[in-house]
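One structure coming up, written as structure tokens, with questions to follow.
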Amino acid sequence: MNCNLAVIKGDGIGPEIVTEAMNVLDAVGEKFGHTFSYEQILMGGASIDVHGKPLTEEALEIARNSDAVLMGSIGGNTSTSPWYQLPANLRPEAGLLALRKSLGLFANIRPAYLYEELKKACPLRDEIIGDGFDMVIMRELTGGLYFGERHTEEVDGIKVATDTLTYSEDEIRRIAIKAFDIARKRKKHVISVDKANVLDSSRLWRSVVEEVAKGYEDVTYEHMLVDNCAMQLVNNPKQFDVILTENMFGDILSDEASMITGSIGMLSSASLAEGKFGLYEPSHGSAPDIAGQDIANPIATILSVAMMLRYSFDLDEEANAVEQAVKEVLADGYRTVDIMSDGMKQVGCKEMGQLIIEKIK
Ligand code: IPM
Ligand code: MG
């Protein structure tokens with residue numbers, strides 16, 4: 001198979017972790033007889049520095065014409081980086097939002113599970129963890145507050161800012177279908193998260209989810225209010241299989257879910273359009289404070305490559321090989337500093353990538 005990828009290395013640790021992920025892809029290509037070709041594009045701060053804006057039309061066009069997009073992370077330190085002196089529509093994040101919208105990447109899948117080997121890093125008590133947890137957050141990614149009309153005005157000498165939260169039935173239906181589909185391949189339970197005791201958009205969300213659920217008699221589901229969900233994640237994470245939720249709730253809850261695994265450097269994500277096209281990136285951010293030191297953990301990006309192989313290219317065996325290689329390297333006791341514990345062998349970003357490649361070969 002020949003796969004043409006658009007690659008966004010991005011800012012902070014992005015370039016280091018993506019380089020390792022590309023090396024892993026090349027190793028997969030060599031072993032299984034595929035060719036991965038890469039076209040690098042700029043986005044976020046890296047693009048601002050060169051073009052004065054976070055995403056150019058040309059870069060977008062390259063992404064649009066690719067088979068899938070591999071991304072590192074974008075953005076800098078929000079209090080010290082000059083990028084944050086710019087108007088909101090020219091900041092690094094605006095590039096990512098525009099890319100998601102333009103490419104129709106409405107379904108964001110963020111797995112959060114506890115690695116047996118990394119149990120000690122989990123901040124929750126043993127009796128809460130039990131035999132571990134394994135959930136997937138299905139976050140709607142191109143609607144809601146992040147894409148609604150917004151403005152700041154002055155009314156009678158007082159500044160007033162407005163953001164609008166809009167969802168159509170169609171937007172809710174397509175993400176709900178994705179959530180129920182993925183639940184079918186897992187433990188067959190969907191928890192749909194909303195704020196239906198207050199918001200109209202959430203009441204519509206609930207009714208559409210109920211309608212979609214009728215087509216999935218083998219999948220059980222329930223509704224949960226978002227504030228309760230935030231609490232339940234730390235109180236009883238085992239109850240979750242698939243969490244289905246709108247854009248902002250998903251943004252917040254996915255950070256919380258990744259934090260309770262104790263290993264945010266390990267969590268991958270996929271943002272999918274209708275069909276096979278997707279963008280794959282780690283769940284974590286650009287960590288500018290540790291950039292360029294060869295200490296970042298490349299595993300989340302490498303596992304995002306596994307998701308790419310599975311979801312965009314239907315290469316299940318290849319995806320399994322990558323995931324298996326990561327497990328074996330952890331079992332051998334190798335750790336980057338973020339997941340380091342007593343008695344383990346600490347390695348840097350490059351060495352971690354290399355160890356995983358050795359296992360794939
Ligand atoms: C994420 C990030 C983005 C988001 C930012 C960088 C715009 O927090 O992918 O979760 O809010 O979606
Ligand atoms: Mg976020």
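Of all DSSP beta bridges located in the chain, what percent are antiparallel, nearest 5? The partial results should precede the final answer.
Numbers: 21 of 50 bridges.
Taking every DSSP beta bridge with both residues in the chain, the antiparallel ones total about 40 percent.
Heavy atoms only, probe 1.4 angstrom, no DNA, RNA or ligands counted: give me R125, R91 ranked by accessible area, highest first.
Values: R125 145, R91 75 Å².
Correct descending sequence by accessible area is R125, R91.
What is the Cα radius of gyration of the chain over 2.2 N^0.38 Å, N being its residue count?
Values: Rg = 20.3 Å, N = 361, 2.2 N^0.38 = 20.6 Å.
With N residues counted in the chain, Rg over 2.2 N^0.38 Å equals 0.98.
Right, here's the next one. Using a 1.4 Å probe and ignoring any ligands, DNA or RNA, find the accessible area of R335 and quote it in Å² to the nearest 10.
10 Å²
Further question on the same structure: Kindly point out which whole DSSP H helices in the chain project their C-alpha atoms 30 angstrom or further along the helix axis while averaging a Kyte-Doolittle hydropathy of 1.0 or above.
Numbers: long enough: none.
Helices passing the filter in the chain: none found.
Let me ask something additional. Could you state how much accessible area K238 has, in square angstrom rounded to the nearest 10, with a 1.4 Å probe and all protein chains kept in place?
Probe radius 1.4 Å; accessible area of K238 about 80 Å².
Using a 1.4 angstrom probe and counting only protein chains, how large is the accessible area of Y38 in Å², to 10?
Y38 exposes around 70 Å² with every protein chain in place.
Please give the calculated 222 nm ellipticity per residue for the chain, where each DSSP H segment of at least 4 residues contributes -39500 (n - 2.57) and the sum is spread over every residue; nearest 500 deg cm²/dmol? Working shown, then result.
Values: 12 runs with 145 residues, N = 361.
Dividing the helical sum by the residues of the chain leaves -12500 deg cm²/dmol.
What percent do you get for the relative contact order of the chain when only Cα pairs under 8 Å and 6+ apart count?
Values: 748 pairs, mean separation 77.9, N = 361.
With pairs under 8 Å counted, the relative contact order is 22 percent.
Is region 123-260 best put as rounded, prolate or oblate by its Cα gyration tensor, with a ≥ b ≥ c the root eigenvalues, rounded for a/c under 1.5, and otherwise prolate when a/b is larger than b/c, oblate when not? Could you put the intermediate results ahead of the total?
Numbers: a/c = 2.61, a/b = 1.44, b/c = 1.81.
Taking the square roots of the gyration eigenvalues as a ≥ b ≥ c, region 123-260 is oblate.
Rank these by accessible area, largest first, 1.4 Å probe: D294, D170. Could the numbers behind the result be given before it?
Numbers: D294 55, D170 100 Å².
Descending order: D170, D294.
Within straight cross-link reach of K350, meaning Cα distance under 21 Å, which lysines are found once same-chain residues fewer than 8 apart are removed?
Those lysines meeting the cut-off are K9, K31, K327, K359, K361.
The values are calculated or read from the model by the stated rules, or taken from the named source; none is laboratory data. Quick caveat: nothing in here was measured; it's all calculated off a predicted structure. These area figures cover heavy atoms from the full protein model, side chains too; ligands, DNA and RNA do not enter into them. Shrake-Rupley method; radii C 1.70, N 1.55, O 1.52, S 1.80 Å.
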